[in-house]
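Asks: Structure in C-alpha cells, see below.
The values are calculated or read from the model by the stated rules, or taken from the named source; none is laboratory data. Everything numeric here is computed off the predicted structure, so don't read it as measured data. In this analysis, Cβ positions are derived from the backbone assuming ideal geometry, glycine residues included, and neighbour counts consider all displayed protein chains.
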Amino acid sequence: METQFDCIIDRYKTASLKWDNVRSTFGVDDVLPMWVADMDFMAPAPVLEAIRQRIDHGILGYTERPDSYFAAVSEWMLKRFNWPVRKEWIYFAPGVVPAISFIIQAFSSPGDKVVVQPPVYYPFMNTTQNNGRQVVYNPLKMENGRYTMDFDDLKRKLDPNVKLLLLCHPHNPGGAVWTRDELTKLGQICLEHKVLVVSDEIHADLIFRGHTHIPFASISEDFAQNTLVCTAPSKTFNLAGLQTANVIVPNPKLGEVFAAQMKKVHLIRPNVFGTLATESAYKYGSAWLEELLDYLQGNMEFLVDYCETRIKQIKVMKPEGTYLVWLDCRGLGMNDEQLNQFLLTQAKVALDGGNWFGPGGEGFARINIACPRAMLADGLKRIKQAINTYCGK
Ligand SMILES: Cc1ncc(COP(=O)(O)O)c(C=O)c1O
C-alpha cells in the first residue's frame with residue numbers, strides 16, 4: 001500500500017543543502033544524495049497549515065514564545081518520555097549545534113577539554129576545536145554489532161581540565177539508543193569527576209520497535225542538576241531549515257549561565273515560523289510521527305535484508321533509533337579516500353564518509369534512509385552494481 005512517504009518530491013532548485021550542494025560538497029553532480037540528516041518527506045500537514053495561516057496574516061514581526069509553546073514542549077516530553085519538564089527550564093537556541101557551541105563557550109575556557117565518544121556526529125569535534133577547546137576521545141567499542149561505551153577508558157581520561165562530555169543520545173552514526181544502565185554508569189562517572197553532561201537528544205523521537213529513549217536528565221535528580229539536554233523537532237518532523245531548538249536545563253544556576261551566554265550574542269528572540277512549527281508539531285504531529293516510524297522501520301528492515309542477501313561485502317549496524325545507518329564497508333578492503341571516491345564515482349551515491357566521524361569511522365559510510373523506499377532501493381542497487389563490477393562478478 002502506497003503511503004504519503006512513498007511520494008518522490010523533486011528537491012532540486014530549492015536551495016536544499018542535501019540536493020543542491022552536492023557539487024560544492026563532493027565535487028560531483030550526478031549522484032543520488034543520501035547524506036546529511038534531513039528527510040525527503042513533506043512535514044506534517046498541520047504544521048504546514050499553521051505556517052500558511054501565519055503567512056496569510058501577512059505581518060512577520062518580532063516574535064516571542066507564547067505560553068502555549070512551552071506547554072506543547074512540556075506535554076511532548078511528558079507524553080513521549082515520561083519526563084516532566086518545567087517551563088522555566090526551556091531555553092531557545094537557533095539549532096542544536098549552535099546550542100552546543102554556546103554551551104562550550106559558557107561552561108569552559110580556551111584550552112579546556114571536552115570529551116566526545118567517536119565515531120560520532122562530526123560537528124561535536126569541529127565545534128569543540130573551533131572554540132579553542134581540546135577534544136578528548138573516549139572511543140566506543142563494538143560489541144556484537146552494537147556500539148558500547150568504554151567506561152574504564154573514560155575514567156582514565158577525566159582530569160580536572162575536562163569540563164564537558166558531549167553525549168550523542170541516541171547515537172549518530174551507530175544508532176544505539178543508550179540504555180538506563182549505560183546512561184547511569186556514564187552519569188555517575190561524570191558526577192564523580194565534576195564533568196557537565198551535554199546530552200544531544202535531537203534524534204530522541206526516532207526510535208525503532210523494542211527500544212525506549214530515556215532522557216539523560218530524567219534518570220535522577222543528581223543527573224538533572226548536572227545536565228543540559230538539547231532537543232528539537234527538526235529531525236522528527238523534518239523542520240531543520242527553521243533553525244529552532246530547545247535547551248532544557250533543570251538546574252537554575254546552569255540555566256542562568258546559558259542564558260547569559262545567549263544574551264551576550266543577543267540570541268534572545270526566536271524565528272516566527274520555527275516557533276509556530278515547533279508548537280504545531282508537538283501538538284498535532286503524533287499521528288504523523290507514528291506513520292513515519294512505521295515507514296522508517298520498513299526502510300531499515302529493507303536495507304538490512306538487502307545488504308544481507310545482495311551486498312555481502314557491506315555489514316549493516318542495525319540501528320535502534322535514528323534514520324541514519326552505519327555501513328561497515330571494511331570488507332571491500334579500500335582505504336577511506338578510495339571508499340569515498342568509489343561510492344561517489346562508481347556507485348554514484350553521496351553518503352557521509354565514515355572517516356568524517358573521527359577515530360573508529362575508518363572503512364565505514366553513513367547512509368540516510370529517510371527517503372521514499374523506491375529511492376532507497378535505487379541507492380542500494382547502485383551500490384550493489386558498483387561492488388559487483390569491482391569484485392569482478
Ligand atoms: C546528533 C545531531 N545533533 C545535531 C544535529 C544538527 O542540529 P541542528 O541542525 O539543530 O544544529 C544533527 C544533525 O544531523 C545530529 O545528528
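Asks: Could you tell me how many of the residues in the range 315-338 are more than 16 Å from the ligand (Cβ to nearest atom) and under 29 Å from ILE207 (Cα atoms)?
Replies: 8
Asks: Please state which of the following conditions PRO84 fails to meet, knowing it meets all the rest: (1) outside any loop (DSSP other than H, G, I, E, B); (2) assigned by TED's automatic domain parsing to the domain that holds ASN251; (3) within 23 Å of the chain's Cα centre (by Cα); (4) surrounded by fewer than 12 Cβ atoms within 10 Å (Cβ to Cβ).
Replies: Result: PRO84 fails condition (1) only.
Asks: Please determine, by comparing only the residues of the range 203-247 that are acidic (Asp, Glu) and in contact with a helix residue (DSSP H, G or I) (Cβ under 7 Å, 6 or more places away or on another chain), which one is nearest to the ligand (Cβ to nearest atom).
Replies: ASP205
Asks: From (1) farther than 22 Å from ASN172 by Cα; (2) assigned to a loop (DSSP other than H, G, I, E, B), pick out the condition that doesn't hold for PHE342.
Replies: (2)
Asks: Counting only residues that are in a strand (DSSP E or B) and within 16 Å of the ligand (Cβ to nearest atom), how many does the range 162-202 have?
Replies: 9
Asks: Determine whether SER109 is within 16 Å of the ligand (Cβ to nearest atom), farther than 20 Å from ASP352 by Cβ and among the hydroxyl-bearing types (Ser, Thr, Tyr).
Replies: no
Asks: Limited to the range 112-134, what total is found for residues that are more than 16 Å from the ligand (Cβ to nearest atom) and not in a loop (DSSP other than H, G, I, E, B)?
Replies: Number of matching residues: 3.
Asks: Among the listed residues ALA43, ALA93, which satisfies the condition of being in contact (Cβ under 8 Å) with a residue 24 or more places away in the chain, within 16 Å of the ligand (Cβ to nearest atom) and more than 30 Å from PHE223 (Cα to Cα)?
Replies: It is ALA43.
Yes/no per residue for (1) more than 18 Å from the chain's Cα centre (by Cα); (2) buried (at least 17 other Cβ atoms within 10 Å of the Cβ):
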position	(1), (2)
LEU242	no, yes
ILE248	no, yes
VAL265	yes, no
ALA277	yes, yes
LEU296	no, yes
VAL304	yes, no
LYS315	yes, yes
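Asks: Just name the residue that is farthest from the chain's Cα centre (by Cα) out of those in the range 135-155 that are surrounded by fewer than 16 Cβ atoms within 10 Å (Cβ to Cβ), in a loop (DSSP other than H, G, I, E, B) and not small (Gly, Ala, Ser).
Replies: Within the range 135-155, the match that is farthest from the chain's Cα centre (by Cα) is ASN144.
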